[in-house]
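Asks: Submitted below is the structure of interest, expressed as structure tokens.
The values are calculated or read from the model by the stated rules, or taken from the named source; none is laboratory data. Bear in mind the structure is a predicted one, so any value in this text is a computation, not a measurement. Please note: Cβ atoms are built from the backbone with ideal geometry, for glycine as well, and neighbour counts cover all protein chains shown.
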Amino acid sequence: MNFTYSAKTADGKIEQGKLEAASVDQASKLLHEKKLFVLELKKDEQGVSGVKKDMPIPFIGKRVSLKDKIVFTQQLAMMVKSGLPLIDAFTSLEEQTENKYFASIIHEITDEVEGGKPLSETITKYPKVFSKFYISIVRSGEKSGKLDEVLERLSDQLQKDYDLITKIKAAVTYPILVVVALVGIMIVMLIFVIPQLKQIFADIGAELPLLTRIILGTSDILRNFWYIFVLLIIGIYVGIRFWINNPAGALTYDKIKLRIPLVGGIIKKLYMARFARTMGTLVASGLPMLDIIDTVKDVLTNKVYQRGFENISKDVESGITLSVTLKKQGIFPPMIYNLISTGEKSGKLDYVLLSMADFFDKEVEASTSNLATLIEPILIIIIGAGVGLVVASVLMPIYSLVNVI
């Protein structure tokens with residue numbers, strides 16, 4: 001196989017080139033024999049014809065799920081703790097990873113690490129797979145020499161995130177399915193059922209009630225100008241996406257999300273749980289506070305909280321304590337900054353933050369369960385109203401005819 005290398009000569013000059021070797025280890029030895037100090041060594045993915053081998057099919061299989069990352073992190077932590085060399089651990093993980101795309105990434109990471117690069121530096125090349133939080137945790141483990149411990153802590157954090165996301169998805173899936181089914185049934189009735197009744201009403205010759213005329217008119221518009229509805233839906237979607245991608249629009253959108261009845265409170269608790277757990281994990285890992293705040297800002301995807309953490313970073317840099325600046329922002333509940341103040345005074349900030357994270361996790365779980373209970377009667381009312389309107393529009397002309405007779 002071919003390798004591309006970048007190395008420094010004895011007189012300090014940078015030399016770049018290619019060589020052929022059976023493995024990365026052999027390629028590294030060949031370069032050392034030439035008295036070259038290896039800066040970078042990686043497999044050349046270009047084949048003999050110059051075409052890249054194993055070209056991935058776009059958009060197919062190029063995804064690493066949270067569950068994949070949890071299993072990877074748990075197994076890596078176990079192997080490192082058992083004393084297995086990092087290269088051997090990655091080789092083993094590559095062989096047993098079922099996700100082929102992820103396996104190819106692990107293979108590339110193995111080559112980079114074997115070439116002398118730190119793991120934290122290597123995984124920065126895959127931001128869609130490894131978040132800034134993940135990279136920061138790994139870097140702290142490398143600096144402290146406790147990579148196995150921080151990986152265990154990281155896998156616990158990922159597992160709790162996964163459990164929380166799963167519970168939220170389970171709570172909202174049923175209402176979404178019911179709404180989609182209701183909309184689908186209404187469209188089918190307007191397109192196929194109502195037109196059949198229109199001719200019957202025309203034969204009767206009686207004056208139709210306003211509700212019936214509205215339903216019949218909606219049916220005609222939907223059948224004859226359906227493409228306008230499709231274009232309108234696409235236009236609204238594109239317009240919303242464009243608005244959200246605009247900084248001012250994104251901020252407004254995130255503010256609206258926090259104020260949605262029933263749902264807004266759950267979203268706030270979810271962000272508090274994510275903030276507390278991320279910061280607690282990073283504090284326990286020994287990272288500097290400014291780096292921790294910067295990482296937490298990226299983990300919280302809501303612009304309202306991101307702007308808050310930008311202000312927090314400036315305050316902490318100027319010497320203001322974390323609890324005081326959190327209180328200044330006006331977007332955190334009193335429990336947060338009061339307990340953080342206690343943690344700062346006792347020197348157990350990581351313990352306080354992780355305890356708060358557990359509390360908010362339970363709050364989110366309870367709130368999502370309550371949400372499902374509250375939404376069910378609301379959905380029944382909506383479904384009943386929708387079906388009732390259609391049925392009433394059909395029955396009212398019939399009753400009018402009976403009264404006339």
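Asks: Having 3 or more residues that are free of Cβ contacts under 8 Å to residues at least 40 places away in the same chain and more than 24 Å from the chain's Cα centre (by Cα) is the bar; report the helices (runs of 4 or more DSSP H) wholly within region 89-173 that clear it.
Replies: 100-114
Asks: From the list LYS314, LYS362, which one is out of contact with any Lys or Arg (no Cβ under 9 Å at 6 or more places or on another chain) and within 22 Å of GLN159 (Cβ to Cβ)?
Replies: Unique residue meeting the criteria: LYS362.
Asks: Could I ask something else about it? Residues in region 365-375: is at least one closer than 30 Å to ILE194 by Cβ and in the same structural domain as ALA273 (by TED's automatic domain parsing)?
Replies: Among the residues of region 365-375, at least one is closer than 30 Å to ILE194 by Cβ and in the same structural domain as ALA273 (by TED's automatic domain parsing), which makes the answer yes.
Asks: Mind telling me which of the residues LYS160, LYS198, LYS167 ends up being basic (Lys, Arg) and modelled with pLDDT of 80 or more?
Replies: Step by step, each of LYS160, LYS198, LYS167 is checked, and only LYS160 is basic (Lys, Arg) and modelled with pLDDT of 80 or more.
Asks: I'd like the residue in region 300-316 that is part of a helix (DSSP H, G or I) and among the polar types (S, T, N, Q) and, out of all such residues, is farthest from MET289 (Cα to Cα).
Replies: Per the criteria, the residue is GLN306.
Asks: Now for a separate question. Within region 314-339, how many residues turn out to be free of Cβ contacts under 8 Å to residues at least 24 places away in the same chain and out of contact with any Leu (no Cβ under 6 Å at 6 or more places or on another chain)?
Replies: The number of residues fulfilling the criteria is 18.
Asks: Could you check region 168-194 and list, in sequence order, the residues that are surrounded by 15 or more Cβ atoms within 10 Å (Cβ to Cβ) and of a type outside the set (A, V, I, L, M, F, W, C)?
Replies: PRO175
Asks: Looking at (1) under 24 Å from LEU164 (Cα atoms); (2) buried (at least 19 other Cβ atoms within 10 Å of the Cβ), find the lone condition where LEU326 falls short.
Replies: (1)
Asks: Also, I was wondering about something else. If I filter region 278-298 for residues that are at positive phi, assigned by TED's automatic domain parsing to the domain that holds LEU353 and either in a helix (DSSP H, G or I) or of a type outside the set (D, E, K, R) (or both), do I get at least one hit?
Replies: Yes, that holds for at least one residue.
Asks: Oh, and also: Among the residues of region 178-206, which ones are outside any helix (DSSP H, G or I) and free of Cβ contacts under 8 Å to residues at least 60 places away in the same chain?
Replies: Once the filter is applied, which keeps residues that are outside any helix (DSSP H, G or I) and free of Cβ contacts under 8 Å to residues at least 60 places away in the same chain, region 178-206 yields only GLY205.
Asks: Checking LYS69 against (1) of a type in the set (Lys, Arg); (2) outside any loop (DSSP other than H, G, I, E, B); (3) modelled with pLDDT under 90: exactly one of these is not met. Which one?
Replies: Condition (3) is where LYS69 drops out.
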